[in-house]
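Trainee: This structure is in structure tokens; I'll ask about it shortly.
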Amino acid sequence: GIVLNNDIDVIQRLFRFVWVEGKVPQDESAFASLLAEYSVEKDTLQSDSVKSTLLANGQQALANGVFGVPTVERDQQLYWGYEATDMALAFAPGQIHSQSSEAGASLQQLMDEARNLPQGQGRKR
């Protein structure tokens, strides 16, 4: 995600790669195909700038109390894990569910899409 500016479509594709398709970056053929979708060279992922950004993001997440994925912050309250999504949505219904709010409608649309994802395939071990 860092190489492609954490674009939401890229992040969703990465999650589908792992959680829906049951693939992992260690599967070199599958991962090479994924990188090719975005015209990203594998060496780019190992660059100092990507590594330092990833480290800084991880340190910031720890400093903010992030514990799991996904994490949603609403008014300085963290909700993490898919099972907490409904609690996060219920916490500020006027801000999240409002159809007049472009950001709220966008978040609601994403949450609806997440709820309707097909059951993921298990990883091969």
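The values are calculated or read from the model by the stated rules, or taken from the named source; none is laboratory data. Because the structure is a prediction, the values reported are computed rather than measured. Here the Cβ is made from the backbone with ideal geometry for all residues, glycine too, and neighbour counts use every protein chain on show. Surface accessibility is based on the protein's heavy atoms, side chains included, excluding ligands, DNA and RNA. Shrake-Rupley method; radii C 1.70, N 1.55, O 1.52, S 1.80 Å.
Trainee: Residue by residue through segment 73-84, which ³J(HN,Hα) values in whole Hz follow from phi under the Karplus form 6.51 cos²θ - 1.76 cosθ + 1.60 (θ = phi - 60°), with glycine and proline marked x?
Mentor: In residue order, the calculated couplings are 10, 10, 6, 6, 10, 9, 10, 10, x, 4, 5, 8 Hz.
Trainee: To continue, here is another question. Between Val18 and Asp112, what's the calculated FRET efficiency when r is the beta-carbon distance and R0 is 22 Å? Round to 0.05.
Mentor: It comes to 0.55.
Trainee: Can you work out ³J(HN,Hα) from phi for every residue in segment 4-14, in order, using Karplus 6.51 cos²θ - 1.76 cosθ + 1.60 and θ = phi - 60°, giving whole Hz and x for Gly and Pro?
Mentor: Those phi angles translate into 10, 6, 6, 4, 4, 5, 5, 4, 4, 5, 4 Hz.
Trainee: For segment 3-44, what is the accessible area per residue in Å², given a 1.4 Å probe and the full set of protein chains?
Mentor: Here the per-residue accessible area is 68 Å².
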